1. Can you tell me which residue is most open to solvent (accessible area, probe 1.4 Å) among those in the range 104-121 that are aliphatic (A, V, I, L, M) and in contact with a Phe, Trp or Tyr (Cβ under 9 Å, 6 or more places away or on another chain)?
2. In the range 91-103, is there at least one residue being free of Cβ contacts under 8 Å to residues at least 40 places away in the same chain, outside any loop (DSSP other than H, G, I, E, B), within 14 Å of the ligand (Cβ to nearest atom) and surrounded by 15 or more Cβ atoms within 10 Å (Cβ to Cβ)?
3. Kindly evaluate SER11 against the criterion of being hydroxyl-bearing (Ser, Thr, Tyr), outside any loop (DSSP other than H, G, I, E, B) and either modelled with pLDDT of 95 or more or within 15 Å of the ligand (Cβ to nearest atom) (or both).
4. Kindly check whether there is at least one residue in the range 30-48 that is among the hydrophobic types (A, V, I, L, M, F, W, C), open to solvent by less than 30 Å² (accessible area, probe 1.4 Å), in the same structural domain as VAL146 (by TED's automatic domain parsing) and assigned to a loop (DSSP other than H, G, I, E, B).
5. Which pairs turn up if I take residues in the range 191-203 that are surrounded by 12 or more Cβ atoms within 10 Å (Cβ to Cβ) and look for partners that are modelled with pLDDT of 95 or more and part of a loop (DSSP other than H, G, I, E, B) with beta carbon separation below 8 Å, at least 6 apart in sequence or on another chain?
6. Suppose the filter is among the acidic types (Asp, Glu) and farther than 16 Å from VAL36 by Cα; does ASP60 pass it?
7. Residue pairs, Cβ under 8 Å, 6 or more apart or interchain, first in the range 125-149 and modelled with pLDDT under 95, second in a helix (DSSP H, G or I). List them.
8. Hey, GLY136 hits all of (1) outside any loop (DSSP other than H, G, I, E, B); (2) at negative phi but one; which does it fall short on?
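The values are calculated or read from the model by the stated rules, or taken from the named source; none is laboratory data. Remember, it's a predicted structure, so these values are computed and weren't measured experimentally. For neighbour counting, all protein chains shown are included, and Cβ atoms are generated from backbone atoms with ideal geometry for every residue, glycine included. Note: accessible area is taken over every heavy atom of the protein model, side chains too, but ligands, DNA and RNA are not part of it. Shrake-Rupley method; radii C 1.70, N 1.55, O 1.52, S 1.80 Å.
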Amino acid sequence: MSRLMLGVLASGRGSNLQAILDAIRHGQLRAEVGVVISNHKEAEALARARSLPIPDVFIDPSLYASRSDYDAALVQVLKAHQVELVVLAGYMRLLTPALIGPYRNRIINIHPSLLPAFPGLHAQAQALAYGVKVSGCTVHFVDEEVDHGPIVAQTAVPVLEGDTEESLSARILEQEHRLFPCMLQLYADGKLRIEGRKVSIHE
Ligand code: GRF
């Protein structure tokens with residue numbers, strides 16, 4: 001049986017990419033990372049790919065007149081690597097229809113809050129500032145709005161007395177690393193069905 005081909009987009013550290021690679025290595029995720037793409041040349045995520053080696057591609061935003069042109073270039077790279085599912089793992093750029101169109105319902109993201117609470121940047125700091133007692137992470141399909149598409153799964157994490165942005169982020173990240181590979185495996189098994197905003201899991 002052929003393995004699901006993933007294309008990972010990451011702007012930074014790449015710990016979620018690493019969790020995905022580890023899950024593949026341990027046989028917990030039957031998929032393959034065909035390419036890792038970043039908008040930052042120095043992204044640690046690219047170095048992680050390079051060391052394996054998995055093709056790593058830096059696409060320089062300064063070379064494109066618009067976000068849409070940039071995304072069209074991205075799609076070319078994804079297609080060249082036969083990518084079936086686009087995985088956003090800390091990818092810090094807004095997507096345009098030039099990418100969302102060709103990969104509709106085939107782009108998946110992880111966000112460090114319980115959406116729809118605290119979309120956008122610094123979700124953990126937003127949660128602390130608001131004073132919530134529970135936060136967490138959300139895996140969701142991507143649509144045209146930021147951190148908005150149909151929710152696949154969420155893990156709740158307590159917010160503790162004295163938490164800082166760092167301590168809460170670390171507690172959430174631990175759960176991100178568990179949840180994301182599991183949900184990718186469900187996708188690989190064809191078990192996720194999207195109807196409107198709802199995602200159901202079929203055996
Ligand atoms: C994670 O917290 C993820 O939820 C968010 O960006 C962060 C990326 O971390 N979208 P890493 O690059 O995977 O370590």
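1. Taking the range 104-121 first, the residues aliphatic (A, V, I, L, M) are 107-108, 110, 114-115, 117, 121.
After this cut, where a residue has to be in contact with a Phe, Trp or Tyr (Cβ under 9 Å, 6 or more places away or on another chain) as well, the list is 107-108, 110, 117.
Working: ILE107: 1, ILE108: 0, ILE110: 14, ALA117: 39 Å².
Once the filter is applied, the top-ranked residue is ALA117.
2. Of all residues in the range 91-103, those free of Cβ contacts under 8 Å to residues at least 40 places away in the same chain come to 96, 98-99, 101-103.
With outside any loop (DSSP other than H, G, I, E, B) added as a condition, the list becomes 98-99.
In the following step, the residues that additionally are within 14 Å of the ligand (Cβ to nearest atom) were identified as none.
So far as the range 91-103 goes, no, none of its residues is free of Cβ contacts under 8 Å to residues at least 40 places away in the same chain, outside any loop (DSSP other than H, G, I, E, B), within 14 Å of the ligand (Cβ to nearest atom) and surrounded by 15 or more Cβ atoms within 10 Å (Cβ to Cβ).
3. no
4. Checked the range 30-48: no residue is among the hydrophobic types (A, V, I, L, M, F, W, C), open to solvent by less than 30 Å² (accessible area, probe 1.4 Å), in the same structural domain as VAL146 (by TED's automatic domain parsing) and assigned to a loop (DSSP other than H, G, I, E, B).
5. ILE194/ASN105; ILE194/PRO150; ARG197/PRO150; VAL199/PRO150; ILE201/LYS191
6. Working: among the acidic types (Asp, Glu): yes; farther than 16 Å from VAL36 by Cα: no.
In short, no.
7. GLU144/PRO97; GLU144/ILE100
8. The failed condition is (2).
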